[in-house]
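What follows is a single structure, written as structure tokens, with notes after it.
All of the numbers you see were taken from the coordinates with simple rules; none came from a lab. The structure presented is a predicted model; accordingly, all values stated were derived computationally and were not measured. A quick note on method: Cβ atoms are made from the backbone with ideal geometry, for glycine too, and the neighbour counts reach across all protein chains shown.
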Amino acid sequence: MNKHKIMVIDDEKIVGDMAKLSLETDGFAVETFLNGEAALARLKEQPFAVVVTDYKMKGIDGMEVLRTVKKQHPGTKVIMITAFANLDAAIEALRGDVHDFFPKPVKINELKASIRRALEK
Amino acid sequence: MKNAAEWFTTIVRHLGIRPRRRVSPEALFLQFRDVLNSTNRSLEIITDIGDTLNGDYLFDVQYLRRSYGDLSASLERSLASFEKLTSGRYPRLRTVHRSIDENIRRAIDGASPQRRDLVVFAGDLDDSSANTVGGKARNIAELGNRLGLPVPAAFIITTQAGGAYLRHNRIQERAGLTGEAGDGMPYEEMQELILQGDMPAELGRAIERGLRRLRKSCDSDCYLAIRSSAGEEDGDLSFAGQFETVLNVPADISAVGKAYRKVLASLFAPGPVAYQRRFGYGTADMPMAVICMIMVDAAASGVVYSRDPQGAKDSIVINAAWGLGTSVVEGGADADYFRVSRGDPARILEQHIGAKASLAVRASGGGTATLPVPVHARTRPSLSPEQVAGIAGLAMQIEQHFRRPQDIEWAIDGSGKVLVLQARPLRMPESLLQRPARPAPEVPEVPIARRQGLSVHQGTATGRVFILRNPADLARVSRGDILVARHDASQFVRVMADVAAIITDTGALTSHMASLCREFRLPTAVNTGDMTRTLVHGQQVTVQIDEQAVTVYPGVVDHLLDRGGAGSRLMEDLAEYRKKRYLLRYIAPLNLVDPLRDDFTPKACRTLHDILRFIHEKSVAELVDRTGEGWQSRRAVKLDLPIPAGIVLIDIGDGLENAGSREQVTAEQVASVPLRAVIRGMVHPGVWRSEAVPLRANDFMTSMLRASDIVTDGAPRASASVAVVSRDYVNLSLKFGYHFIILDCFCSEVARNNHIYFRFAGGATDITKRSRRLQFIAGVLQEQGFSSKLKGDMIIARLANIGREEMEARLDVLGRLISFTRQLDAMLHDDGAVERHKNNFLNGAYGLPFLRGKQMPRKDP
């Protein structure tokens, strides 16, 4: 059986490392990126079932990732995570057709549940 | 010319002694409430950070900065209100806080330590230099400095020095190293460059200074053991046997320099490189310090595991051989094997005496040599039973300190003294740490108790229920038991490494015990109501604690058991996670467990939790000692009771109802919750005796002689019995004849805020009888869950962190104790009487032989 491919983008290594370890334990194939530029380059080569991205990053931020993903791979679900939770950010993300929006710290089980829901749609 | 008073003031100022300002009881009480509120907020934040870093959450540095910012602000409020309350009498606490704060900020930002020492002595190691000596040196220094264990003198060539050596010799550039550590790295070339490198002049001078000082600790010729101490070595990761150790090195700069290079180069050997990469480190990331420790001329040496990795219950394992420990550590010798009980004293449960044909010894001029063991000594045990027990005791002490199973190297010198050479965490098989293997049939999943209480730490566990009725029974708890107790208590730390889970009827998420359980990652639930009644002692159960509550199933429910706590264990393999989680070491652990110990001082605070504990306990002490100051100028009303206790009341806030301007109030008008409970006990039928107990001649003489002591012993308010009260507080100071009692209690709806402090001193009889009375009181209070300390003819007891109803029940008992013990000492003619009276008292039999039928009639308030 093919493993679902999950991309995790966060400019802090610890977030990607922890997400990768716990999602791989649940049978997902995970690739992590420390910036939006590298992530979008990889997305050109390879579609992912779900992209989990940080909202605020230097250079290409989470919203730009969301817009690009939706343009290139409309079926890919995007989950936004952020340390700067505020209503405006959440509304902006939801308008951009984000699947879910989590303030950090993110409970890993909730993230997994959200990914499973995204895959069911 | 200065007069005496001016000289006194000058001296006091010079000494930095700040006289306490006299404040009203109301103001004092408000200051105390400020301290409580801010410390509670701080503890909530600590709980939150601990939960987030337990491996179940994705978090980033922003979260840590924000949360620590909140914690800092809250702790600053605690410190400020504490300083106000205590008139700044604990300035050391600020210094300690600054040091811990710096360490935490460095851990969050991943910044390098500020100290730049190239060489540090283990005995001088403090928090500012601890990050530069590697894990092994930090552990060994801690054993010597904090536990006072016998450890050979040593200095450490720091990680700063290691970095300086590598830079000075341009190791990376010369090896052509440009990219990240990986398979293609020229490790062998790097090792060679390190071995052949120049010693930087500054480092050489620092090592020479260290050697000069170390030589003063040597009896004759000075030889050293040179050992690695890498960044995380013997911390979360053991690195056991990965790096080089050079034994019996002459204490001169040439030999030590050579050994230093050898140890440093081992960082790049194939084994350690693979190990570091397995746990998420690039090779260049691992800083290396090197320990230079005086070589022990060992008669015997070996290794002790504080737990049996094979899973034998409650055992310690010791391997020992003649001479130096190399053969035991490297597994080459047919060493002696002892399996020892974890009791006190430890007993040998099993032993196998090895053939020990050869032994390693120090060679003259340096290095080691192997010699044959004389035939008569080969099959003789290398340790006496007393030495076995001593080594086992050390192992348990070290495990208790580091709160995880330990792998310890030790040696016995020519005088028979046991020295600890190093201690590292013992990696136990996961199955043994989590639960004992108990084959049992699966049971239907109909819970005994469903979703009760509050979850302190998630997880599932199975085991036999151990209902703790008496704190003294804690010693009987076995590994794998589910500890079920009425109240939570930080004293449970003694069994946290053993039990599978803890459940308490009462308790709070922010209690000290809760913090300790999180630290131990022990499935724990508190405030479950009546689990001590629902569950049966000895019953096999499976406990499932989720995010909110606990559910208990009968028997073993196997499919539930593989879940809990997986997150943190999984994440332990991530270097970034370990680095961030490391900061919890400065925040969450509680080391100041017993406020009645002499080392309950600011200096002993190693974490923010310790500081908060210190603040809380010393604030209570301040309240106890100062509440009565200046009461003489206050309006006091007489309390009319059916017993002649002679108490006057000062109300500082809703402690009395409908008192108006009356000069006397009845017990019914007392609104203070804690005082009402005490009165209820004091007037309980039969506990107060109104007639004098016949004194024997020597008691009479003692009472005459002690009259002068009483006046001058500094006891507050010696001239009257006074209660300062508010709705949820009482400070009761009683003088009955020749003894004094102080009872200070805060009793609110918030368990975390509550405390009882009880002090009993003096008496008219001779010291033997007074001591027996104190033993009687200590016995009763222990049954009630108090911790106590006897000091001369005084007992101090305390209890904290329990709910209001339980507090009232304890205060009722204290009230009875106050009345019952008034003249009890005169009746305690022999030691056996102490136990007899204690049992009678606890069973509600308050009569004394000479007084039968003469007690006061019942008249409850």
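Taking 0.36 nm per residue of separation and subtracting the Cα-Cα distance, what length does fully extending B:K216 through B:S87 add? Before the final figure, lay out the partial values.
Numbers: separation 129, 0.36 × 129 = 46.44 nm, distance 4.43 nm.
Roughly 42.0 nm would be gained on extension.
Summing +1 for each Lys or Arg and -1 for each Asp or Glu, what net charge is found among the other residues whose Cβ lies under 11 Å from the Cβ of B:M807?
Values: positive: B:R804, B:R810; negative: B:D728, B:E749, B:E805, B:E806, B:E808, B:D812.
Taking every other residue near B:M807 into account, the sum is -4.
Kindly put B:F121, B:F82, B:F243 in sequence by how many other C-beta atoms sit within 10 Å of each C-beta, fewest to most. Don't skip to the answer; put the middle values down first.
Numbers: B:F121 17, B:F82 27, B:F243 24.
Arranged by neighbour count, lowest to highest, B:F121, B:F82, B:F243 become B:F121, B:F243, B:F82.
Which trypsin sites (Lys or Arg not before Pro) in the range B:448-519 sit in a loop by DSSP (not H, G, I, E or B) and have at most 15 other Cβ atoms within 10 Å of their own Cβ? Please report the intermediate quantities before stating the final value.
Details: sites: B:R450, B:R451, B:R464, B:R469, B:R476, B:R479, B:R486, B:R494, B:R518; in loops: B:R469, B:R479, B:R486.
Taking the range B:448-519 and a limit of 15 other Cβ atoms within 10 Å, the loop trypsin sites (Lys or Arg not before Pro) found are B:R469.
In straight Cα distance, which aspartates and glutamates are under 16 Å from B:K84, not counting same-chain residues fewer than 8 positions off?
B:E26, B:D34, B:E76, B:E617, B:E622, B:D625
Roughly speaking, what is the centre-to-centre gap between the range B:66-113 and the range B:715-790 when only Cα atoms are used, to the nearest Å?
34 Å
If r is the Cβ-Cβ distance from B:R380 to B:D473 and R0 is 60 Å, what FRET efficiency results, to the nearest 0.05?
Values: r = 41 Å, r/R0 = 0.68.
Computed FRET efficiency for B:R380 and B:D473: 0.90.
Work out, step by step, the length gained on full extension between B:T666 and B:E26: first 0.36 nm times the residue separation, then minus their alpha carbon distance; give nm to one decimal.
228.1 nm
With respect to the cross-link table entries A:K5/A:K56; A:K3/A:K121; A:K5/A:K44; A:K56/A:K112; A:K104/B:K580; A:K20/A:K44, which display a Cα-Cα separation exceeding 19 Å? Before the final figure, lay out each step's value.
Details: A:K5/A:K56 23 Å; A:K3/A:K121 17 Å; A:K5/A:K44 14 Å; A:K56/A:K112 21 Å; A:K104/B:K580 15 Å; A:K20/A:K44 21 Å.
With Cα atoms farther than 19 Å apart: A:K5/A:K56; A:K56/A:K112; A:K20/A:K44.
Between B:E44 and B:D625, what is the FRET efficiency for a Förster distance of 25 Å, r being their Cβ-Cβ separation, to the nearest 0.05? Mind showing how you got there, number by number?
Numbers: r = 29 Å, r/R0 = 1.15.
Using R0 = 25 Å, I get an efficiency of 0.30.
With the Cα gyration tensor of the range A:5-120 in hand, convert its eigenvalues to equivalent ellipsoid semi-axes via √(5λ) and list them largest first in whole Å. Intermediate values should be presented prior to the final figure.
Values: eigenvalues 62, 53, 42 Å².
Square roots of five times the eigenvalues give 18, 16, 14 Å.
So, R0 is 41 Å and r is the distance between the beta-carbons of A:A41 and B:E572; what FRET efficiency does that work out to, to 0.05?
Details: r = 32 Å, r/R0 = 0.79.
Once the sixth-power term is evaluated, E becomes 0.80.
Roughly how many nanometres apart are two label points built 7 Å out from the Cα toward the Cβ at B:L195 and B:K579?
3.1 nm
For a test of the definition: using alpha carbon positions, the gyration tensor, and the 1.5 limit on a/c, classify the range A:33-96 as rounded, prolate or oblate.
Values: a/c = 2.15, a/b = 1.42, b/c = 1.52.
Judged from the Cα gyration tensor, the range A:33-96 comes out oblate (a/c at least 1.5, b/c at or above a/b).
Counting only residues 5 or more places away or on other chains, whose amide H sits under 5 Å from the amide H of B:S721 once H atoms are built in the peptide plane?
Those lying under 5 Å, H to H, from B:S721 are B:V648, B:K735.
So if each residue of separation counts as 0.36 nm, and I subtract the Cα-Cα distance between B:N840 and B:R66, what length gain in nm does that give?
Full extension of this stretch gives 273.0 nm more.
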